[in-house]
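K.L.:
Dropping a structure here in structure tokens format, bear with me for questions.
The values are calculated or read from the model by the stated rules, or taken from the named source; none is laboratory data. This structure is a prediction, so every number in the text was calculated from the model and none was measured. Here the Cβ positions follow ideal geometry from the backbone for every residue, glycine too, while neighbour counts run over all protein chains shown.
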């Protein structure tokens, strides 16, 4: 269907939505893109892109503008809570022939994708209802605007309105983790992705370029604290390694909960889900952005190659489900590892941790 005049709406202008818009334009389509939030600057946050994300960016023709951004990460280092080494993963070897691993500000990637999408985003446009009919979807927006589309793509995150309106599944389930995120300037010198593993809690820090460090920490729980900065220092104040200096330099902490989305199907009629709207997991493997970028590439390829929208959606889901299931299962595996008491877990990781953690990405090294 390449070059066909399909009327396509992409709901959501985050990483998934902008990547889909870019992929569709490369395939000869001209989608509309809407976002319910106003056009504002993104919060100061970081992002880690494994090698399969770099491969997907090449498929989107965006690897060159991303290359100067952030910092290439060659190694993952795992330490115990005191800062004593447990194991390492050689990322250069793991992702050889696939792509570089990179840590960068989230806003930098968003700007690249926004430019790459090649069309205006309609901000402040919230979808109120979807009326699915054979071969079309009538979309009513909160402002009363009504438009008919041949395909609606829900790229609006784990708490997707499109998923609910199209009756594709209920709300996201809490994954049982409270997460803390922040960007540090003037912290300790650090060249690699570094994680400290404690008792049902972990602290990850990585360089994102420009002398900045991105830190991501989590603990088991379901209720965010009223004072996230104080709670972060309470939980991780006894940690060693780079953590004390990171906490000293940290001034702004964003707190939230992780969600999981697991669905029986990703499409209904002419509505389909991509990214976290379809298959969100806890960010333990840092595959959220990578899976969204891969979704975009595969959905556009499926629409270009198929003779009908229905056939394209079947092909897209058939190709994507095994990889996203792998990510969900390996994420749960790694999270269970952290629930093991350190006295039992840490000796195992010192002996086999590098091989165990590397195995979590085995399927993702393969082509899409």
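K.L.:
Find all pairs meeting these conditions: Cβ atoms under 6 angstrom apart; at least six residues apart or on different chains; first residue within region 234-261 and touching a residue at least 12 places away in the same chain (Cβ under 8 Å) and on the phi > 0 side of the Ramachandran plot; second residue surrounded by fewer than 18 Cβ atoms within 10 Å (Cβ to Cβ) and not in a helix (DSSP H, G or I).
P.N.:
Taking only residues 6 or more apart or on different chains, the pairs are 241/83.
K.L.:
Being crowded, with 18+ Cβ neighbours inside 10 Å and more than 23 Å from the chain's Cα centre (by Cα) is the filter; apply it to region 332-346 and report the residue that is nearest to residue 177 (Cα to Cα). Show your work before the answer.
P.N.:
Going through region 332-346, the residues crowded, with 18+ Cβ neighbours inside 10 Å turn out to be 335, 338, 345-346.
Subset that is more than 23 Å from the chain's Cα centre (by Cα): 345-346.
Numbers: 345: 19, 346: 21 Å.
Ranking the qualifying residues of region 332-346, first place goes to 345.
K.L.:
When you scan region 221-228, do you find a residue that is buried (at least 22 other Cβ atoms within 10 Å of the Cβ) and either at pLDDT below 95 or touching a strand residue (DSSP E or B) at 6+ places or on another chain (Cβ under 6 Å) (or both), even just one? Working first, answer last.
P.N.:
Here is the first cut: in region 221-228, the ones buried (at least 22 other Cβ atoms within 10 Å of the Cβ) are none.
Among the residues of region 221-228, not one is buried (at least 22 other Cβ atoms within 10 Å of the Cβ) and either at pLDDT below 95 or touching a strand residue (DSSP E or B) at 6+ places or on another chain (Cβ under 6 Å) (or both), which makes the answer no.
K.L.:
Give me a count of the residues in region 133-149 that are in a loop (DSSP other than H, G, I, E, B) and over 23 Å from residue 300 (Cβ atoms).
P.N.:
Selection size over region 133-149: 5.
K.L.:
When you scan region 150-178, how many residues do you find that are in contact with a strand residue (DSSP E or B) (Cβ under 8 Å, 6 or more places away or on another chain) and either buried (at least 20 other Cβ atoms within 10 Å of the Cβ) or part of a loop (DSSP other than H, G, I, E, B) (or both)?
P.N.:
So the answer is 20.
K.L.:
Let me ask something additional. Do we have residue 240 as over 21 Å from the mean Cα position of the chain (by Cα) and over 24 Å from residue 336 (Cβ atoms) here? Spell out how you get there, then give the answer.
P.N.:
Values: over 21 Å from the mean Cα position of the chain (by Cα): yes; over 24 Å from residue 336 (Cβ atoms): yes.
Criteria met by residue 240.
K.L.:
Looking at region 289-308 only, could you name the residues that are in contact (Cβ under 8 Å) with a residue 40 or more places away in the chain, in contact with a helix residue (DSSP H, G or I) (Cβ under 7 Å, 6 or more places away or on another chain) and assigned to a helix (DSSP H, G or I)?
P.N.:
Hits for region 289-308 are 289, 290, 292, 293, 294, 295, 296, 297, 298, 299, 300, 303.
K.L.:
Scanning for something outside any loop (DSSP other than H, G, I, E, B) and either free of Cβ contacts under 8 Å to residues at least 40 places away in the same chain or within 26 Å of residue 345 (Cβ to Cβ) (or both), does region 112-130 turn up at least one residue?
P.N.:
Kept after step one, since they are outside any loop (DSSP other than H, G, I, E, B), are these residues of region 112-130: 112-117, 121-123, 127-130.
Filter again for either free of Cβ contacts under 8 Å to residues at least 40 places away in the same chain or within 26 Å of residue 345 (Cβ to Cβ) (or both), leaving 128-129.
Yes.
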